[in-house]
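Throughout, read-outs are computed from the coordinates displayed, never taken from laboratory work. Here the structure is a predicted model, which means the values were calculated and not measured. Note that each Cβ is placed from the backbone with ideal geometry, even for glycine, and that neighbours are counted across all protein chains shown.
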Amino acid sequence: MDNPTRTPDDMFSARRRLLRGSFSAPAVLTLASGSALAAQSATCLAKATATPTTAALATSANADTFMRIRLLARPNGVHLLTRASLGGIPVNLSFWNTGTLWQRVGVSGVNLNKAYGAQETGSVPNNAAASNYWVALRFNNAGEIVGVGASGSGSVVGQSCWNSIRTSP
């Protein structure tokens, strides 16, 4: 007569056979190391500045994928970039002196997409408000700002390099 009730020994035996069967065929499992991605990210800025490039002045928040800063505008049509708008990103002394608080950026004419005029050390004009212009930042391979738009050395940094930028000195 058949006994449908299984004993604990039968259940353990079945489990043992299942486990033995799953390990009887050789299996190779590999886990990808993150070191290759980290190495690529760490050299992103060095590669970007190897061939200096520039980006056009943007007139929309969605116009590009570059690291950019919104310009302020005064009622007289002068556009400017302020140190405060750069946040904690370090600025190389080859671009701005330590005391520089703001500088004009051209949105048309001969100064299009360039910083021009004196580096201003006085306070930012209180009648300057957010404009519809953004300028691309230029970085060296140490992650410091060395220019904006077509001004300065280094190169603009695309979206793929944003994580490589050092945000504190």
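General remarks:
- Peptides 127-133, 139-145, 105-111, 79-85 ordered by average Cβ neighbours within 10 Å, highest first: 139-145, 79-85, 105-111, 127-133
- Note on residue 78 and residue 130: the extension gain reaches 17.5 nm, defined as 0.36 nm multiplied by sequence separation minus the Cα-Cα distance.
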